[in-house]
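Peer 1: My questions all concern the structure below.
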Amino acid sequence: MPVSVLTEDTGQPDADFSAHAEPYRRELLAHCYRMTGSLHDAEDLVQETLLRAWKAYDRFEGKSSMRTWLHRIATNTCLTALEGRARRPLPTGLGAASSDPAAELVERREVPWLEPWAGPSEPTDDPADPSVIVGSRESVRLAFVAALQHLSARQRAVLLLRDVLQWKAAEVADAIGTTTTAVNSLLQRARAQLDTVQPSSDERLTPPESPEAQDLLDRYIAAFEAYDIDRLVELFTADAIWEMPPYAGWYRGARDIVTLIHRQCPAEHPGDMRLLPVVANGQPGAAMYMRAGDVHLPFQLHVLDIGKSRVSHVVAFLDDTLFAKFGLPEAL
């Protein structure tokens, strides 16, 4: 919901500020999400950004664009919020080896887990428009946002401003209160760190709207709904990865994934699970509902890496508060 900006004198919405700032809300949300790895935190930080911007609006001289000015405020708002906070990992980012699918699950509710991004963050049709860069799918891919969590907050800010928003080094230095030399050093270290933690793949992910991705997602959903878990083996790559925060383990290989689901999934019969297709982090996804009496209630939100013909990675988030963020029903 848009922030309601009120003037001190009249208590009425400041239409001029809202008209200029509101078009950038979505990309500010994406920026704060990349910085924090949390959709919940990003929403709060955008509200704080717009409030700070409104209070300073009478001092906005137009030396930069409104977009640049708002991203500058958002970046510093995020840097302040991230002081002293732990990073938000996925289970694969904890450093442990893949788990035994027959072993007991270990739940870690105290870990501030990475959260998924609600939606595709679609770019505009104009490739010259900066929002094409801001909204690019690659910049909200779950693997990319997870890799960002290995960087310090300032490294994150510099990398996003330089490589995603395409700012000049001098602009970044001015925005975060440092030197151009320091910005270049932070960027070099950030890129080197990303190279060591980002998963390497020779297969490009398939866009969620492509016929190949839609067909594979349909078969993925049908297998779960029919409780034909063995059929899933055909859909995963040989070295596919499955992880499901807040459980700390992660699993590699189609057979281990199927063994895990057989042993740990609370479903027992066809129809116990129902899934709705979604788009998360610009990737195909599915919202899983589990039978509870006469209804199905939110259970997991799956984000899938889909290549040309197989699923290579699934993150199944066990957080039913995410369903509302994705505009999903409370029950089926």
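No value in this document is a laboratory result; all are computed from the given coordinates. Keep in mind that this is a model prediction, so the values were computed, not measured. Using ideal geometry, Cβ is built from the backbone for each residue, glycine included, and neighbour counts are taken over all protein chains shown.
Peer 1: By how many nm would the segment from Asp174 to Glu225 lengthen if fully extended, with 0.36 nm per residue of separation less the alpha-carbon distance?
Peer 2: The Asp174-Glu225 span can extend by a further 13.0 nm.
Peer 1: Okay, next question. What distance in nm lies between label points placed 7 Å from Cα along the C-beta direction at Ala97 and Leu297?
Peer 2: In this crude label model, Ala97 to Leu297 measures out at 3.8 nm.
Peer 1: Using 7 Å Cα-to-Cβ label points, what is the Gln47/Ala182 separation (nm, one decimal)?
Peer 2: Modelled inter-label distance: 3.2 nm.
Peer 1: Need the list of lysines near Lys63 for cross-linking: C-alpha distance under 22 angstrom, and skip anything on the same chain fewer than eight residues off.
Peer 2: Those lysines meeting the cut-off are Lys55, Lys168.
Peer 1: From the backbone phi of the stretch 205-216, what are the Karplus-calculated ³J(HN,Hα) couplings (6.51 cos²θ - 1.76 cosθ + 1.60, θ = phi - 60°) in whole Hz, Gly and Pro given as x?
Peer 2: Values per residue, Gly and Pro as x: 5, 8, x, x, 8, 6, x, 5, 5, 5, 5, 5 Hz.
Peer 1: Evaluate E = 1/(1 + (r/R0)^6) for Ala238 and Glu209, where r is the Cβ-Cβ distance and R0 equals 25 Å; express this FRET efficiency to the nearest 0.05.
Peer 2: 0.40
Peer 1: What FRET efficiency, computed as 1/(1 + (r/R0)^6) with R0 = 30 Å and r the Cβ-Cβ distance, is obtained for Glu107 and Ala192, rounded to the nearest 0.05?
Peer 2: Using R0 = 30 Å, I get an efficiency of 0.30.
Peer 1: Once every DSSP H run of n ≥ 4 in the chain is given -39500 (n - 2.57) and the sum is divided by its residues, what mean residue ellipticity at 222 nm do you get, rounded to the nearest 500 deg cm²/dmol?
Peer 2: Computed ellipticity for the chain at 222 nm equals -11500 deg cm²/dmol.
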